Amino acid sequence: MTVSVAHKALADFNEGEAFFRHLSDTVVLGFPYGPSLGLLDRVVGVQAVRDRLGTAQSSGLRISDATIHDAGSHRCFAECIGSYRAEDGRTVDVPLAAVIEHNSERITLIREHWDTLRLATMNES
């Protein structure tokens, strides 16, 4: 997988189901800081990832400004902005960073890091 393919996968996130075609059946989606928001620290398998990220997609999460860096040995590092919709309709932009691992055809691991405090407090006045 090249940097351009990883870039396409992130761009496809905003297209809903298209994103999931880039994932291996046994993909691992990790959220090292997820437990601070009451989320699991990881989900395994494309259906579990679809269930978790599909909820985020349907709530209005959009990914933009992706920059992908080749980290060698089937690994990329991605930086982007996750734009979330607050309950009052405001858009809250949260910087996201992710390690993405892949085999020759599909993404096998996404380990996301984001500002959990910003997400936890985005609906507070």
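What the table shows:
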{"quantity": "All positions within segment 68-108 that are loosely packed, with under 14 Cβ neighbours inside 10 Å, touching a residue at least 24 places away in the same chain (Cβ under 8 Å) and hydroxyl-bearing (Ser, Thr, Tyr)", "calculated": "Ser104"}
{"quantity": "Checking Ser4 against (1) at pLDDT below 90; (2) crowded, with 16+ Cβ neighbours inside 10 Å; (3) in a helix (DSSP H, G or I), the condition it does not meet", "calculated": "(2)"}
{"quantity": "In segment 43-61, the residues that are in a strand (DSSP E or B) and either crowded, with 16+ Cβ neighbours inside 10 Å or small (Gly, Ala, Ser) (or both)", "calculated": "Val43"}
{"quantity": "In segment 73-114, residue nearest to Leu37 (Cα to Cα) [restricted to those that are among the charged types (D, E, K, R) and in contact with a Leu (Cβ under 9 Å, 6 or more places away or on another chain)]", "calculated": "Glu112"}
{"quantity": "Hits in segment 27-52 - residues which are touching a residue at least 24 places away in the same chain (Cβ under 8 Å) and either touching a strand residue (DSSP E or B) at 6+ places or on another chain (Cβ under 7 Å) or on the phi > 0 side of the Ramachandran plot (or both)", "calculated": "Val27, Val28, Leu29, Gly30, Phe31, Pro32, Tyr33, Val46, Val49"}
{"quantity": "Only listed residue being over 20 Å from Asp115 (Cα atoms), of a type outside the set (A, V, I, L, M, F, W, C) and out of contact with any Cys (no Cβ under 6 Å at 6 or more places or on another chain), chosen from Asp51, Asp93", "calculated": "Asp51"}
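Rundown of residues vs (1) at pLDDT below 90; (2) in contact with a His (Cβ under 6 Å, 6 or more places away or on another chain); (3) within 16 Å of Val3 (Cα to Cα), yes/no style:
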{"site": "Phe19", "(1), (2), (3)": "no, no, yes"}
{"site": "His22", "(1), (2), (3)": "no, no, yes"}
{"site": "Gly34", "(1), (2), (3)": "yes, no, no"}
{"site": "Asp51", "(1), (2), (3)": "no, no, no"}
{"site": "Ala56", "(1), (2), (3)": "yes, no, no"}
{"site": "Asp65", "(1), (2), (3)": "no, no, yes"}
{"site": "Leu109", "(1), (2), (3)": "no, no, yes"}
{"site": "Asn123", "(1), (2), (3)": "yes, no, no"}
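The values are calculated or read from the model by the stated rules, or taken from the named source; none is laboratory data. Being a predicted model, the structure only gives us computed values, none of them experimental. Here the Cβ is made from the backbone with ideal geometry for all residues, glycine too, and neighbour counts use every protein chain on show.
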